[in-house]
Amino acid sequence: MDMLSDVVALMRIGRPVSARVTWRAPWGVAIPPEPGSAAFQVVLRGSCWLLPPSGEPMALSVGDVVFLPHGHGYGLADSLDTPLTEQAGEPCEGGALSSLTACGGAGAETVTVYGSYRTIPARTHPIFGALPEVIHLPTTLGRHPELRATVELLGNEIATPRPGGGTVVTSLLDMLQLLILRAWFETSPGVCDHKGWALALADPSISRALDAVHSDPAHRWTVAELAGRAGLSRAGFARRFTDLVGQPPLTYLTWWRLAMAARLLREDHVPVSEVAARVGYGSEFAFNNAFKREFGIAPGRYQRQACAENKAALEG
């Protein structure tokens, strides 16, 4: 997989939730903070205001996408003058997920799509830590056509449930999140100011080295070998990689290997020895020590706890 696909797959757990909501003015909702989640809102029809936890309100119109990667609370309303009603997680009191719901008064209509993922903060890639509190991708003619097409398909699937719809919606939500990130980083010269991870992904040399690490984390990479992939001198590569990524090359490689190991232990139910081999450790003993240093728990115990949590979630 490419790096952005890896990043999204790494941080997400469970299935996403979604709802298509029809609001009629006057309406206003306060979405409380939900640590360990990432959410987005899409305007399919009409207009509204997003009230972020800090900063100025944002006017949203048809086709606009808003992504909130850190689980912070926010408000959504037809007007800045409409008071907000507290809601407990769902976009509408009593609203069923993946269904058409009506909320508010009897005025002008606005239709939105809400989606949310559960995340594990300790497993979140640092690229997410570099994202702002709110990402707003406004409708611009000719920009991000794939994003607009995915939004339209998602709205239609949620509005009209059909056989196989659950799988289709989940796939579209996966696609939407990747397209949001892609669109955000593609606008980085004017929005991200080309700092940190935005510049790392845009830098051809560092991007080649990151792709190599993500494509084959089990390989015994050296700084010299990664510098060769990047087309830079060893010293120049190490300095540039550290400046942009925030970690030296081999420190990032170790972190990524252990993050991948945690994902395998949570999801694939494979023996610890096999996980160790998959992520590049020659001995289970060395892997156990490295994993415990990173996560504060032995990999076998981590796997047993994860299995118990997954079972409880399914039964709940």
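Structure summary
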| item | result |
| --- | --- |
| Only one of Val65, Val17 that is open to solvent by less than 20 Å² (accessible area, probe 1.4 Å) and either in contact (Cβ under 8 Å) with a residue 60 or more places away in the chain or among the hydroxyl-bearing types (Ser, Thr, Tyr) (or both) | Val65 |
| Hey, Leu179 of a type in the set (A, V, I, L, M, F, W, C), in a helix (DSSP H, G or I) and at pLDDT below 85 or not | no |
| Ser205 being farther than 17 Å from Asp6 by Cβ, in contact with a Leu (Cβ under 7 Å, 6 or more places away or on another chain), part of a helix (DSSP H, G or I) and of a type in the set (Ser, Thr, Tyr) | yes |
| Considering residues of region 153-167 that are in a helix (DSSP H, G or I) and touching a residue at least 12 places away in the same chain (Cβ under 8 Å) only, the residue most open to solvent (accessible area, probe 1.4 Å) | Leu153 |
| Residue list for region 258-276, restricted to those being buried (at least 18 other Cβ atoms within 10 Å of the Cβ) and without any contact (Cβ under 8 Å) to a residue 40 or more places away in the chain | Leu258, Ala261, Leu264, Val272, Val275, Ala276 |
| Any hit, region 197-205, residues being at pLDDT 90 or above and open to solvent by 40 Å² or more (accessible area, probe 1.4 Å) | yes |
| Condition check for Leu10: out of contact with any Leu (no Cβ under 8 Å at 6 or more places or on another chain), open to solvent by less than 60 Å² (accessible area, probe 1.4 Å), modelled with pLDDT under 90 and in a strand (DSSP E or B) | no |
| Residues (among the charged types (D, E, K, R) and open to solvent by 60 Å² or more (accessible area, probe 1.4 Å)) located in region 210-257 | Asp211, Asp216, Arg220, Glu225, Arg229, Arg234, Arg239, Arg240, Asp243 |
| Residue list for region 29-59, restricted to those being free of Cβ contacts under 8 Å to residues at least 60 places away in the same chain and not in a loop (DSSP other than H, G, I, E, B) | Ala30, Trp49, Leu51, Ala59 |
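The values are calculated or read from the model by the stated rules, or taken from the named source; none is laboratory data. Owing to the predicted nature of the structure, the values given are computational and were not obtained by experimental measurement. Cβ atoms come from the backbone with ideal geometry, glycine included; neighbour counts cover every protein chain shown. Side chains included, ligands, DNA and RNA excluded: accessible areas come from the protein's heavy atoms. Shrake-Rupley method; radii C 1.70, N 1.55, O 1.52, S 1.80 Å.
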